[in-house]
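Peer 1: I have a structure here, written as structure tokens, and I will follow up with some questions on it.
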């Protein structure tokens, strides 16, 4: 909510004034009760001596008739003047008083050139206002678009932020400085000018910044990095200057720039330079150098791509403190679920600790989505409370997608999908250390999944061994190999499994140094932080063609070894594969414990 509102001139006032002048003129003319008569009738009245006086203009003849009755009422008339050389002679012969006057065309002339100009200016203002996307007009294009929240409007505190306890502790010092700056300045200390919140999408970086402002009770300026850059040269730099000027006037306060990478990308990156963005970044660097932190202005920013930021932004004296806002652990996930569940009516069986254990790697936004999806499911089922089945179904919906019960598979496809999914599950149950199997389903989900095997880790993991990675490759290959054993050939359903298996094998060779042939070296260029979990575009590393061929051979060797390993396993457990697939075809969904019981029989 903006703190200051500026009054703006409206073109509507001009139209109203012109309309009022026209109304007054028409009213004056109308009150005179002029009667329009033909020119021939005027000449007849003049010849009969009934015209008392007339006034001649270039275009009109206006006059007054002599009273014809005892009321002595004089009637007014007007007629169009026609080129008549005998008019003056006739007026003199009829003893009529006459005079001439020059007709005033001031109003008509004014309207003839002012009105088009006013219309043009009005259209120009309208277009510029729309072009400015809600700003007060084109003249304000250089003003900051930051949303300003007053102290009472933030309404977010640390009680609303869970799962990022370490980040909260690091930011408490900022709150203390904003509340009692003399506590730090008495010994000559300075608070960091800039605080950069780094973390994956959805972990609560923006919420955390607003909570800092809410805890400190100061004004909060919020703007996105992309809002600085416009098509007009110099607009971004002007907005940076205006933002810092506003902030100094509202100190103590917090300036928060979301998605800093849109503004602070390293200069000179890419095939083309972006002069406007770089000029805006330069202005930001200048402003950060120029303001004194003792006045109580704290600059905070958030990004999930810190590796592409300009080094000048990250040096000491600018964004010199980086706070990691990572995905929460199990305790953090449970706390986040409880925060979002406050607005929801939970049933007695809704154990949020179970859901926290089912969701390793989920961000705060994902967990909020789970609570919302579970609530919607309960409403569709006409329930008064949200129970554990709805919460578990919501987890599956987020992980695997929406069920597509209307997507009907033919008998052959269902059999192939059933054997494919049971093949995955049997391999996972056979190798120690693999994630436990919770559910196996042949109900289509999401965009392309015709079935799925739900594996849920029992604990948070941050490191993986070579054996565990090989087991992951093996589980991914289990579905394709099961199809080959039962049907004699593979289908296209294993395409996504092969992509994932190849990526894992490639990472083992190029990144983790897990190839005996290539040795303990990494051949990848600088990778994204592991917390990002975003597949970067494949680029050729700084190595020779011969090394590239050896990498390909090692990747193929790892995948081929796991292929043979899984083929031997499933060949020995073919009976369990067939019975598990038969059970899955009958029920469409079976649990991991059901398949484990079938496997133990053989």
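Peer 1: Which of the residues belonging to segment 376-389 are out of contact with any helix residue (DSSP H, G or I) (no Cβ under 8 Å at 6 or more places or on another chain) and assigned to a helix (DSSP H, G or I)?
Peer 2: Once the filter is applied, which keeps residues that are out of contact with any helix residue (DSSP H, G or I) (no Cβ under 8 Å at 6 or more places or on another chain) and assigned to a helix (DSSP H, G or I), segment 376-389 yields 376, 379, 380, 389.
Peer 1: Just one of the numbered conditions (1) at negative phi; (2) modelled with pLDDT under 75 is not true of residue 133; which one?
Peer 2: Failed condition: (1).
So that you can scan it fast, the table gives a plain yes or no per residue for (1) in contact with a strand residue (DSSP E or B) (Cβ under 6 Å, 6 or more places away or on another chain); (2) in contact (Cβ under 8 Å) with a residue 40 or more places away in the chain:
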{"site": "358", "(1), (2)": "no, yes"}
{"site": "378", "(1), (2)": "yes, no"}
{"site": "386", "(1), (2)": "yes, yes"}
{"site": "396", "(1), (2)": "no, yes"}
{"site": "416", "(1), (2)": "no, yes"}
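Yes/no matrix, rows are residues, columns are (1) assigned to a helix (DSSP H, G or I); (2) surrounded by fewer than 20 Cβ atoms within 10 Å (Cβ to Cβ); (3) within 44 Å of the chain's Cα centre (by Cα); (4) not assigned by TED's automatic domain parsing to the domain that holds residue 482:
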position	(1), (2), (3), (4)
564	yes, yes, no, no
568	yes, yes, no, no
571	yes, yes, no, no
578	yes, yes, no, no
582	yes, yes, no, no
586	yes, yes, no, no
590	no, no, yes, no
595	yes, no, yes, no
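Residue-wise test of (1) in a helix (DSSP H, G or I); (2) farther than 30 Å from residue 119 by Cα; (3) more than 60 Å from the chain's Cα centre (by Cα); (4) modelled with pLDDT under 60.
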{"site": "9", "(1), (2), (3), (4)": "no, no, no, yes"}
{"site": "30", "(1), (2), (3), (4)": "yes, no, yes, yes"}
{"site": "68", "(1), (2), (3), (4)": "no, yes, yes, no"}
{"site": "72", "(1), (2), (3), (4)": "no, yes, yes, no"}
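Peer 1: Taking the residues in segment 332-343 that are free of Cβ contacts under 8 Å to residues at least 60 places away in the same chain and in contact with a helix residue (DSSP H, G or I) (Cβ under 8 Å, 6 or more places away or on another chain) as candidates, determine which candidate is farthest from residue 288 (Cα to Cα). Show your work before the answer.
Peer 2: Keep residues of segment 332-343 that are free of Cβ contacts under 8 Å to residues at least 60 places away in the same chain, which gives 334, 337, 340-343.
Restricting the remaining residues to those that are in contact with a helix residue (DSSP H, G or I) (Cβ under 8 Å, 6 or more places away or on another chain) gives 334, 337, 340-341.
On the way: 334: 39, 337: 38, 340: 37, 341: 41 Å.
In this case the residue turns out to be 341.
Peer 1: Answer yes or no: is there a residue in segment 198-218 that is out of contact with any helix residue (DSSP H, G or I) (no Cβ under 9 Å at 6 or more places or on another chain) and at pLDDT below 85.
Peer 2: No, segment 198-218 contains no residue that is out of contact with any helix residue (DSSP H, G or I) (no Cβ under 9 Å at 6 or more places or on another chain) and at pLDDT below 85.
Peer 1: Moving to a separate point now. Would you check which residues across segment 444-458 are under 30 Å from residue 408 (Cα atoms) and either without any contact (Cβ under 8 Å) to a residue 40 or more places away in the chain or not in a strand (DSSP E or B) (or both) and list them?
Peer 2: Going residue by residue through segment 444-458, those that are under 30 Å from residue 408 (Cα atoms) are 444-456.
The answer is 444, 446, 447, 448, 450, 451, 453, 455, 456.
Peer 1: Also, quick follow-up: Go through segment 196-218 residue by residue and tally those that are outside any helix (DSSP H, G or I) and either at positive phi or buried (at least 23 other Cβ atoms within 10 Å of the Cβ) (or both). Let's see the steps before the verdict.
Peer 2: In the first step, residues of segment 196-218 are kept if they are outside any helix (DSSP H, G or I); the result is 196-204, 217-218.
Checking which are either at positive phi or buried (at least 23 other Cβ atoms within 10 Å of the Cβ) (or both) leaves us with 196-199, 202-204, 217-218.
Total meeting the criteria: 9.
Peer 1: Moving to a separate point now. Name the residue, out of 285, 309, that is touching a strand residue (DSSP E or B) at 6+ places or on another chain (Cβ under 9 Å), assigned by TED's automatic domain parsing to the domain that holds residue 170 and modelled with pLDDT of 85 or more. Talk me through it step by step, then tell me what you get.
Peer 2: Details: 285 fails: touching a strand residue (DSSP E or B) at 6+ places or on another chain (Cβ under 9 Å).
Answer to the selection: 309.
Peer 1: Tell me, which residue of segment 542-557 that is assigned to a loop (DSSP other than H, G, I, E, B) and loosely packed, with under 13 Cβ neighbours inside 10 Å is modelled with the highest pLDDT? I'd like the intermediate steps shown before the answer.
Peer 2: Step one: list which residues in segment 542-557 are assigned to a loop (DSSP other than H, G, I, E, B), which gives 542-544.
Then keep just the ones that are loosely packed, with under 13 Cβ neighbours inside 10 Å; that gives 542, 544.
On the way: 542: 71, 544: 85.
Selected residue: 544.
Peer 1: Which numbered condition in (1) farther than 24 Å from residue 461 by Cβ; (2) under 37 Å from the mean Cα position of the chain (by Cα); (3) buried (at least 22 other Cβ atoms within 10 Å of the Cβ) is the only one that residue 388 fails?
Peer 2: Looking at each condition in turn, residue 388 falls short on (3).
Peer 1: If a residue has to be in contact with a helix residue (DSSP H, G or I) (Cβ under 9 Å, 6 or more places away or on another chain) and either more than 18 Å from residue 367 (Cβ to Cβ) or in a helix (DSSP H, G or I) (or both) to count, how many in segment 154-176 make the cut? Lay out the reasoning, then the answer.
Peer 2: Residues of segment 154-176 that are in contact with a helix residue (DSSP H, G or I) (Cβ under 9 Å, 6 or more places away or on another chain), as a first pass: 154-165, 167-168, 171-176.
Subset that is either more than 18 Å from residue 367 (Cβ to Cβ) or in a helix (DSSP H, G or I) (or both): 154-155, 157-160, 165, 167-168, 171-176.
Final tally of qualifying residues: 15.
Peer 1: Out of segment 168-195, which residues are surrounded by fewer than 16 Cβ atoms within 10 Å (Cβ to Cβ), at negative phi and without any contact (Cβ under 8 Å) to a residue 60 or more places away in the chain?
Peer 2: 169, 172, 173, 176, 179, 180, 182, 183, 186, 187, 189
Peer 1: Right, another one. Output the qualifying pairs, or none if there are none: Cβ atoms under 8 angstrom, residues six or more apart or on different chains, first residue in segment 78-89 and within 13 Å of residue 55 (Cβ to Cβ), second residue at pLDDT 75 or above and part of a loop (DSSP other than H, G, I, E, B).
Peer 2: Short answer, once both residue conditions are applied: 78/37; 79/37; 79/38; 81/57; 81/59.
Peer 1: Please go through segment 179-202 and give me each residue that is in contact with a strand residue (DSSP E or B) (Cβ under 9 Å, 6 or more places away or on another chain) and over 13 Å from residue 259 (Cα atoms), ordered by number. Don't jump to the end; show me each part of the working.
Peer 2: Taking segment 179-202 as the starting set, the residues that turn out to be in contact with a strand residue (DSSP E or B) (Cβ under 9 Å, 6 or more places away or on another chain) are 191-199.
Residues satisfying the conditions are 191, 192, 193, 194, 195.
Each row is one residue, and each column tells you yes or no for (1) within 22 Å of residue 577 (Cα to Cα); (2) in contact (Cβ under 8 Å) with a residue 40 or more places away in the chain.
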{"position": "429", "(1), (2)": "yes, yes"}
{"position": "460", "(1), (2)": "no, yes"}
{"position": "507", "(1), (2)": "no, no"}
{"position": "510", "(1), (2)": "no, yes"}
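Peer 1: Moving on. Is segment 423-433 home to any residue that is in contact with a helix residue (DSSP H, G or I) (Cβ under 7 Å, 6 or more places away or on another chain) and under 30 Å from residue 202 (Cα atoms)?
Peer 2: yes
Peer 1: List, please: which pairs have Cβ atoms under 7 Å, are six or more places apart or on different chains, and start with a residue in segment 576-593 that is under 14 Å from residue 424 (Cα atoms) and end with one that is modelled with pLDDT under 85 and surrounded by fewer than 14 Cβ atoms within 10 Å (Cβ to Cβ)?
Peer 2: 576/602
Peer 1: Let me ask you something else. Quick one: count up the residues across segment 401-437 that are crowded, with 17+ Cβ neighbours inside 10 Å and not in a loop (DSSP other than H, G, I, E, B).
Peer 2: The total comes to 18.
Peer 1: Please tell me if residue 179 is assigned by TED's automatic domain parsing to the domain that holds residue 238 and at pLDDT below 65.
Peer 2: Working: assigned by TED's automatic domain parsing to the domain that holds residue 238: yes; at pLDDT below 65: no.
No: the conditions fail for residue 179.
Peer 1: So residue 341 fits all but one of (1) within 29 Å of residue 464 (Cα to Cα); (2) in contact with a strand residue (DSSP E or B) (Cβ under 9 Å, 6 or more places away or on another chain); (3) at pLDDT 90 or above; (4) outside the structural domain of residue 459 (by TED's automatic domain parsing); what number is the exception?
Peer 2: (1)
Peer 1: Filter segment 295-319 for residues that are surrounded by fewer than 15 Cβ atoms within 10 Å (Cβ to Cβ) and either in contact with a helix residue (DSSP H, G or I) (Cβ under 9 Å, 6 or more places away or on another chain) or touching a residue at least 24 places away in the same chain (Cβ under 8 Å) (or both) and give the result.
Peer 2: In the first step, residues of segment 295-319 are kept if they are surrounded by fewer than 15 Cβ atoms within 10 Å (Cβ to Cβ); the result is 295, 307-308, 311, 315-317.
Hits for segment 295-319 are 295, 307, 308, 311, 317.
The values are calculated or read from the model by the stated rules, or taken from the named source; none is laboratory data. Just so you know, these numbers come straight off a predicted model, no measurement behind them. Backbone-built Cβ (ideal geometry, glycine too); neighbour counts: all protein chains shown.
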